[in-house]
Every structure is written in C-alpha cells, then in structure tokens.
C-alpha cells in the first residue's frame, strides 16, 4: 500500500485560525464565534487532520461534520484569567467559555479578551 502524504497547514492557514480566535475574543459575539469555529474546521478539513497544536491551545475537529473546538493547554487555578487577572464569573467579564469537555470532572477551556487561552477543571455539583 503506497504511503499517504499529509501536508501541514500553511502559515497563511495558521494565521487564519489565530486571527479568527483573536477576533472572537476581542468582539465576543455569536457571529464571530460561529466564524471562528467554521474557520478552524475549514483549515482542519483542508489538510485532512483532526488536531493542530499551538503553544497554549490546540484546535480539534469533531466526528460530526462542520464542528470544531478549542482546548487550552495552560491550567488555571482559582477564578481569574491566568494572564490579566480578570474574574471568570463576573457578568461583565472579558472571559468567555470556548469549550467544555465533559467527564467525571469537566475540563472547561476559557479565552480572555487579553488573548490568553487556558482551562480549569471543574467538579460536577
């Protein structure tokens, strides 16, 4: 069986993912969120990969068509953004939930307007 060659995303495609995430974190509205998730999925589909790793987070595509999610790599303790100290749970917080991986304990990935992406492990109540 011949080897299958897989190409990594180009620098331009990597910039598209990063820019989409930055735009959502800056604007924090549903249109930017939907665009961010579609851009991520489009790039992953283009290269036939399910995961791409960045320094502080990774992007993934799901089994279902058209869906993607972001997973943080830096763990935060407490209820504050690990970079700027913004409270995660305030109603006017610049921090937004990017994804939740449910399990015995939920792994919740957050993104802050300051650009930080991090996760917390949250116990079920």
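The values are calculated or read from the model by the stated rules, or taken from the named source; none is laboratory data. Fair warning: this is a prediction, and the values are worked out from it, not measured in the lab. Every residue, glycine as well, gets a Cβ built from its backbone with ideal geometry; the counts of neighbours run over all protein chains shown.
Worth a mention:
- Tallying residues that are touching a residue at least 40 places away in the same chain (Cβ under 8 Å) and in a loop (DSSP other than H, G, I, E, B) within segment 115-125 yields 2.
- Candidates 87, 106 - the one that is more than 20 Å from residue 33 (Cα to Cα), free of Cβ contacts under 8 Å to residues at least 12 places away in the same chain and touching a strand residue (DSSP E or B) at 6+ places or on another chain (Cβ under 8 Å): 87
- Hits in segment 28-53 - residues which are under 10 Å from the mean Cα position of the chain (by Cα) and over 24 Å from residue 93 (Cα atoms): 40
- Some residue of segment 45-65 being touching a helix residue (DSSP H, G or I) at 6+ places or on another chain (Cβ under 6 Å), within 21 Å of residue 23 (Cα to Cα), surrounded by 19 or more Cβ atoms within 10 Å (Cβ to Cβ) and free of Cβ contacts under 8 Å to residues at least 60 places away in the same chain: yes
- Annotation note: of 70, 91, 21, 16, the sole residue that is modelled with pLDDT of 95 or more and more than 16 Å from residue 117 (Cα to Cα) is 16.
- A residue that is touching a helix residue (DSSP H, G or I) at 6+ places or on another chain (Cβ under 9 Å), modelled with pLDDT of 95 or more and crowded, with 17+ Cβ neighbours inside 10 Å cannot be found anywhere in segment 73-87.
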